[in-house]
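Heads up: the structure comes next, in structure tokens.
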Amino acid sequence: MTFTGINLGAPIEHRHTCSRAGCRDEAVWALLWRNPKIHTADRKKTWLACGEHRDVLASFLSDRSFPLEIVTVGELDE
């Protein structure tokens, strides 16, 4: 089923898929972040991003003053 360019129920074609809502592109970036109000310093959450959505997702987190580290997805497996 497709709505406004979003393909729902499509098989995932990549090992790492972008976390942006509706995006099924391959992720090349990992955004490691935490909400300091609820997460301890050793806890990090991970969002994945394609090249197109890296800045959008990073801005969302930065606007909330969440600690943020951006690495390539290849660095996640190291």
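Of all residue pairs spaced 6 or more apart or on separate chains, those with beta-carbon atoms under 7 Å, a first member in the stretch 60-71 that is on the phi < 0 side of the Ramachandran plot and in contact (Cβ under 8 Å) with a residue 12 or more places away in the chain and a second member that is of a type in the set (Phe, Trp, Tyr) and in a strand (DSSP E or B) are Leu61/Trp33; Phe66/Trp33; Pro67/Trp33; Leu68/Trp33; Ile70/Trp29. Residue pairs whose Cβ atoms lie under 6 Å apart, separated by 6 or more positions or on different chains, with the first residue in the stretch 22-44 and on the phi > 0 side of the Ramachandran plot and at pLDDT below 95 and the second among the β-branched types (Val, Ile, Thr) and surrounded by 10 or more Cβ atoms within 10 Å (Cβ to Cβ), are Gly22/Ile6. Of the residues screened, His16 is not one that is at pLDDT 95 or above and surrounded by 17 or more Cβ atoms within 10 Å (Cβ to Cβ).
Looking only at the stretch 38-46, decide whether some residue is hydroxyl-bearing (Ser, Thr, Tyr), exposed (fewer than 11 other Cβ atoms within 10 Å of the Cβ) and outside any helix (DSSP H, G or I). So far as the stretch 38-46 goes, yes, one or more of its residues are hydroxyl-bearing (Ser, Thr, Tyr), exposed (fewer than 11 other Cβ atoms within 10 Å of the Cβ) and outside any helix (DSSP H, G or I).
The values are calculated or read from the model by the stated rules, or taken from the named source; none is laboratory data. All figures in this text were calculated on a predicted structure; none of them were measured in a lab. A quick note on method: Cβ atoms are made from the backbone with ideal geometry, for glycine too, and the neighbour counts reach across all protein chains shown.
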